[in-house]
Amino acid sequence: PSVTTLNSRRFTNKLALLLYLVHKVAAIALVCFLIFKGIQGLIDGSNPAKRKEERVLKYLLPQVEAASLLSITLAFAWQKALREWPQIMVYFILWCTFFMSLSAGILLICFQKPATDGVGVCFIAFAIGNGLYACWVSQRVGFCYKVLLKSLEPVDKFRDLNQPAYWMLGAGFLWMSLWILAVVGALNFYYPALVIIALLLSLCWTTEVMRNVVNLTVSRVIALYYLRGMQSNTQFCFQRALTRNLGSACLGSLFVPAIEAMRIIARGLNLLEGEDEFMFSCAHCCLNVMQSIFRYGNGWAYVQIAAYGKGFVRASQDTWALFEREEMEPIVDSDMMSAICFLTGVCSGSICVIVVAAWTAKVHQPFTATISLLAFFIGYLMTRIAMALPHACVSCYYVCYAENPENRLFDKTIKERLELIKAGRDVVVPTPRVPRRFTR
């Protein structure tokens with residue numbers, strides 16, 4: 001049975017929490033060991049890797065630190081601008097990401113190196129896709145703005161709501177600094193490529209957990225305000241997210257990004273309906289799997305995890321059941337907030353690439369492609385941590401509305417949209433379900 005108390009004291013998803021803690025201890029041990037190997041390689045004059053390490057420290061470390069500081073600045077700039085001018089910023093983010101990623105791709109191609117050409121082509125391809133997406137969703141921007149504006153109203157009642165993001169970004173910057181030193185040390189160890197890939201995967205999981213800790217903190221504060229009218233203590237909610245609900249953050253950090261990627265693929269398969277029989281025999285299976293995944297794992301679950309202390313899977317099931325009860329699936333499926341937060345991360349990453357690539361091309365051009373990719377990941381990951389606040393606010397608005405539509409804190413925005421959808425007078429993105437031809 002679902003746990004519905006607001007004061008649950010149990011730890012959620014203990015196995016995922018244990019796995020993350022073991023991974024974190026191993027990652028810290030590996031980073032410390034690699035930093036030691038790096039120092040050892042620099043001290044040992046006869047070490048053949050010494051010269052390579054010195055070049056990396058001289059021509060890579062300053063750019064990475066600069067990219068980290070720039071990404072933190074951009075992260076809070078995006079969040080502040082989105083809170084102050086939501087209507088303008090939704091359009092601005094869509095098109096700024098297009099121009100920044102296109103500019104980064106063109107800049108890298110101008111260096112005329114095989115590595116930079118490959119990375120530049122990827123940026124340009126993404127820019128084209130982003131431009132098409134911006135045109136496709138233009139009819140939904142108005143509703144996105146209305147929901148964003150309404151969902152951000154409670155933020156002004158909690159002046160310290162951004163503090164968890166400050167702490168997580170500070171911790172992220174310190175860990176990033178140690179991480180890049182470990183990358184330098186990996187050059188003086190066995191199988192450096194494999195070690196660096198392992199470090200990169202660990203970094204992605206760690207920063208995603210940091211983002212979801214901020215998400216859970218904000219979700220609890222805002223959800224309790226909607227559900228009970230409570231003025232919660234942000235520090236207490238932050239401590240709860242770091243302890244009792246950390247296991248759910250770890251589990252969700254592993255699966256939600258993959259689920260979102262599969263969701264995009266499923267929508268793409270739906271658009272191909274009627275083209276090829278063999279393709280849809282495969283699509284039939286994929287879309288059936290997606291139906292189960294949406295029910296047992298989705299990003300909306302963090303609201304009920306934070307409010308009621310449920311496990312990730314149970315919270316996903318209960319949240320989706322609420323959406324089905326209120327017939328809100330078309331609205332939540334077409335919600336743009338996840339895409340907006342993703343694009344802000346890409347835009348910050350692209351800006352970091354432009355700055356760092358131009359810098360590196362002047363001082364040591366052979367490192368340009370490597371540093372560009374690293375700067376992009378740093379800019380993207382750090383920005384997503386700060387953007388967890390508006391994302392959590394929008395999620396709370398939808399989930400809490402589904403739980404109690406008659407709450408006086410909600411207006412008629414969602415209700416009127418549902419009526420328009422039922423009347424066939426509004427545009428929504430179809431839920432990636434099994435096409436009709438396979439359900440006959």
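Data for the structure
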{"read-out": "Residue check, residue 169 under 20 Å from residue 83 (Cβ atoms) and either touching a strand residue (DSSP E or B) at 6+ places or on another chain (Cβ under 7 Å) or at pLDDT 90 or above (or both)", "value": "yes"}
{"read-out": "Residue ID - nearest to residue 312 (Cα to Cα), chosen from residues in the stretch 13-55 that are in a loop (DSSP other than H, G, I, E, B) and at pLDDT below 90", "value": "49"}
{"read-out": "Single unsatisfied condition, residue 95 versus (1) crowded, with 18+ Cβ neighbours inside 10 Å; (2) in contact with a Gly (Cβ under 9 Å, 6 or more places away or on another chain)", "value": "(1)"}
{"read-out": "Criterion violated by residue 199 - all others in (1) over 23 Å from residue 314 (Cβ atoms); (2) open to solvent by 10 Å² or more (accessible area, probe 1.4 Å) satisfied", "value": "(2)"}
{"read-out": "Subset of the stretch 131-149 (residues that are more than 14 Å from residue 90 (Cβ to Cβ) and in contact (Cβ under 8 Å) with a residue 12 or more places away in the chain)", "value": "131"}
{"read-out": "Whichever residue in the stretch 310-369 is among the charged types (D, E, K, R) and not in a helix (DSSP H, G or I) and, among such residues, is nearest to residue 73 (Cα to Cα)", "value": "335"}
{"read-out": "Residue in the stretch 213-231 that is among the small types (Gly, Ala, Ser), over 15 Å from the mean Cα position of the chain (by Cα), outside any helix (DSSP H, G or I) and modelled with pLDDT under 90 present", "value": "yes"}
{"read-out": "Only listed residue being among the acidic types (Asp, Glu) and buried (at least 17 other Cβ atoms within 10 Å of the Cβ), chosen from 65, 53, 84", "value": "53"}
{"read-out": "Residues being open to solvent by 10 Å² or more (accessible area, probe 1.4 Å) and either more than 17 Å from residue 143 (Cα to Cα) or free of Cβ contacts under 8 Å to residues at least 60 places away in the same chain (or both) - total across the stretch 328-342", "value": "1"}
{"read-out": "Those residues of the stretch 121-149 which are under 27 Å from residue 227 (Cα atoms) and either of a type in the set (Asp, Glu) or open to solvent by less than 40 Å² (accessible area, probe 1.4 Å) (or both), in sequence order", "value": "142, 143, 144, 147, 148"}
{"read-out": "Filter pass, residue 213 being open to solvent by less than 10 Å² (accessible area, probe 1.4 Å) and in contact with a Phe, Trp or Tyr (Cβ under 7 Å, 6 or more places away or on another chain)", "value": "no"}
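The values are calculated or read from the model by the stated rules, or taken from the named source; none is laboratory data. Please read all numbers here as calculations on a predicted model, not as lab measurements. Cβ coordinates were reconstructed from backbone atoms using ideal geometry, including for glycine residues, and neighbour counts include every protein chain displayed. These area figures cover heavy atoms from the full protein model, side chains too; ligands, DNA and RNA do not enter into them. Shrake-Rupley method; radii C 1.70, N 1.55, O 1.52, S 1.80 Å.
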